[in-house]
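Quick notes on the structure that follows.
The values are calculated or read from the model by the stated rules, or taken from the named source; none is laboratory data. Please read these numbers as outputs of a predicted model, since none were measured by experiment. FYI the Cβ positions are ideal-geometry reconstructions off the backbone, even for glycines, and counts take in every protein chain you see. When the accessible area is computed, the model is the full protein with side chains, heavy atoms only, and any ligands, DNA or RNA have been set aside. Shrake-Rupley method; radii C 1.70, N 1.55, O 1.52, S 1.80 Å.
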Amino acid sequence: MAFSFSFHSWNFISFLFIIISFSLMTMESTVTQAASYGSVIQFRPSSWKLAHATFYGDETARETMGGACGYGNLFDSGYGTNTAALSTTLFNNGYACGSCFQMKCVNSKWCYKYSPSITVTATNLCPPNWAQDSNNGGWCNPPRSHFDLAKPAFMRFAQWKAGIVPVMYRRVPCAKPGGLRFKFQGNGYWLLVYVMNVAGGGDISKMWVRGSKTGQWISMSHNWGASYQAFAVLGGQSLSFRVQSYSTKEIITASYVAPSNWNTGMTYKSNVNFH
């Protein structure tokens, strides 16, 4: 019996092949950012890229405290001196806050022998300096990818007198002990929450809050840096949060993080985190 192969059947097989190929391409591009193991989504390192790094402040890292991400005292919030201010290109309007970067000094006489790598967390913005040329002082001017490190971090992979060194860098999973932390600011009608100690991708794209009395999830808007806000009356009830990772899109729920007598100025810890 002869096999009949019509034009229509060839069109269908071609269409099926295109759909399968597109699915595989989509899967491949997603896996470079995150991998799913059972019900756990794990952030994966990115590829290596070239940039430059400088430092600001002195060995005490006092000048790095605070910062555009809103983490306040970086020692109290657990970030220490392994921190970086990102150029506008990397900062991504604050959505990069909390991201972790591994880097090593390359192609400079000021690099330490054997090119030791360091890992830093993004806690601040390095703003453009348009009064200076992008290749001579305006290091953080767009479209440059640049890291302005805390001086102790810089001194771990290069001699400080270099001032600026070329680096190879990549995004890596953030290794943070314990769960997400929520620092409250605001008043009785406006709750501003800074999300800290974020593991996995380290970054946040969306947040929701739910009061034990209101019972409904309220979408919070992005304020700036690592802060999200809700214009609602939420006093006198315990609060839960839903948090979405910017990188992996995973959503986790931190239930009953704050007690009913919560106050602004306080930081509340959860027992959940990203991976």
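Side notes on the structure shown:
- Environment charge at residue 114 (Cβ cut-off 15 Å; Lys +1, Arg +1, Asp -1, Glu -1): +4
- About its Cα centre, the dipole of region 78-184 is roughly 380 debye, where the only charges are +1 on Lys and Arg Cβ and -1 on Asp and Glu Cβ.
- Percent accessible area from carbon and sulfur atoms, the chain, protein chains only, probe 1.4 Å: 57
- Take every pair of alpha-carbon atoms less than 8 Å apart whose residues are at least six positions apart; their mean separation over the length of the chain yields a relative contact order of 20 percent.
- Per residue accessible area of region 49-171, 1.4 Å probe, in Å²: 44
- Each listed q (0.12, 0.22, 0.26, 0.28 Å⁻¹) maps to a log10 I(q)/I(0) for region 129-192, found by the Debye formula over equal Cα scatterers with no solvent: -0.59, -0.99, -1.18, -1.26.
- When Rg and the Kirkwood Rh are both derived from Cα coordinates, the Rg/Rh ratio for region 181-269 amounts to 0.93.
- Distance-filtered residues of region 221-257 - backbone nitrogen under 17 Å, label point 7 angstrom along residue 213 Cα→Cβ: 231-240, 256-257
- Peptides 94-103, 59-68 ranked from most to least packed by the mean count of surrounding Cβ atoms within 10 Å: 94-103, 59-68.
- P(r) weight above 17 Å for region 49-171, C-alpha pairs, percent: 51
- With the whole protein complex present, residue 256 retains an accessible surface near 150 Å², based on a 1.4 Å probe.
- Using just its DSSP H runs of length 4 or more, each adding -39500 (n - 2.57), the chain gives a mean residue ellipticity at 222 nm of -3500 deg cm²/dmol after division by all residues.
- For residue 166, neighbours were defined as the other residues whose beta-carbon sits under 15 Å from its Cβ, and their charges (Lys and Arg +1, Asp and Glu -1) total +4.
- Kirkwood-based shape ratio for region 224-275, expressed as Rg/Rh from alpha carbons: 0.97
- Charge context of residue 239, other residues only, Cβ under 12 angstrom, K/R +1, D/E -1: +3
- Greater than 22 Å apart at Cα, pairs in 151/249; 109/161; 213/249; 104/161; 113/151; 151/183: 151/249; 213/249; 151/183
- Pairwise Cα distances in the chain exceed 36 Å for 27 percent of all pairs.
- Take 42-48, 182-188, 240-246 and order them by the average number of nearby Cβ atoms within 10 Å per residue, most first; the result is 240-246, 182-188, 42-48.
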